[in-house]
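Here the structure is laid out as structure tokens; the discussion comes afterwards.
The values are calculated or read from the model by the stated rules, or taken from the named source; none is laboratory data. Every value quoted in this text rests on a predicted model; they were computed, and no experiment measured them. Neighbour counts run over all protein chains shown; Cβ positions are idealised from the backbone, glycine included. We work out accessible area using only protein heavy atoms, side chains counted, and drop any ligands, DNA or RNA first. Shrake-Rupley method; radii C 1.70, N 1.55, O 1.52, S 1.80 Å.
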Amino acid sequence: SQPIFFTSLDNVLYFRADDGTHGRELYRYDIASGEASLTEDIRPFEQHPNTTNITTLDGKVYFNGRYGNGDPTLMVYDPATDVVSLIEDPNFGSVEEPVSLFPFAGKLFFRAEFPDAGVEFGCYNPADNTINLIADINPSGNSTPTGFTAINGLIYFNANDGMGDSRLWRHDPQTGTTEK
């Protein structure tokens, strides 16, 4: 089944696996009962959604997966309702190619493909269902941010601004400042 991309929430292990029928979907393993099951067949009768980058935030499981026939997008599984959904901001649309999902301070930070900006640093705020480009670090190309970690309320990460060798950046969610 090739399980990978593990995270846990309330004594349940979530991961991607392939049961040979449904493809690379989101599965759950209940530690107490010892039972594993498919959360939802996201792309029935089609190619698998190729679920990746699984993480949790505020009682929900977020991941990168293909929904319908589109590119990989940000998706969420809510264990309370047992429903998988595509995340869409009414004003922005969906997040394309989200990777390096990093939950912090009630928001989900990530690298994604943004229209007119390229592969840059973004954020999803579940409180108001908004998707935002945090910073266009490399206006002439892709900054491809990765390696997110938090120290003293700041998010540190690697990104390429296209102008120099220094690639250590930090973002202050309180002020909205992103700097090299």
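Here are the numbers:
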| read-out | value |
| --- | --- |
| Estimated FRET transfer efficiency (ASP71, TYR156; beta-carbon r; R0 25 Å; 0.05) | 0.35 |
| Cα lying deepest toward the dipole's positive end in the chain, options GLY162, THR130, LEU26, charges on Cβ | GLY162 |
| Computed log₁₀ I(q)/I(0) - Debye formula, equal Cα scatterers, no solvent, the stretch 116-157, q 0.14, 0.17, 0.34 Å⁻¹ | -0.38, -0.55, -1.08 |
| Share of carbon and sulfur in the accessible heavy-atom surface of the stretch 54-125 [1.4 Å probe, %] | 42 percent |
| List LEU74, LEU133, LEU38, ordered by accessible area with a 1.4 Å probe, largest first | LEU133, LEU38, LEU74 |
| Mean projected area in nm² (Cα convex hull; one quarter of hull surface) for the stretch 74-180 | 7.1 nm² |
| Estimated inter-spin distance, SER140 and THR21, nm [label 7 Å along Cα→Cβ] | 5.5 nm |
| Dipole magnitude of the stretch 1-113 about its Cα centre (Cβ charges: Lys, Arg +1; Asp, Glu -1), debye to nearest 20 | 300 debye |
| Dimensions (Å) - the stretch 8-160, Cα atoms, principal axes, largest first | 48, 37, 26 |
| At q = 0.25 Å⁻¹, base-10 log of I(q)/I(0) for the stretch 86-149 (Debye sum, equal scatterers on each alpha carbon) | -1.09 |
| Residues of the chain: accessible area per residue with a 1.4 Å probe, Å² | 51 Å² |
| Cα centroid separation - the stretch 22-97 against the stretch 117-180, whole Å | 24 Å |
| Whole-Hz couplings from phi, Karplus 6.51/-1.76/1.60, listed for the stretch 163-180; x for Gly and Pro | 10, x, 7, 5, 10, 8, 10, 9, 10, 9, x, 5, 9, x, 7, 10, 9, 7 |
| Cut-off under 5 Å, modelled amide H: who pairs with ILE134 long-range | PHE121, GLY122, CYS123 |
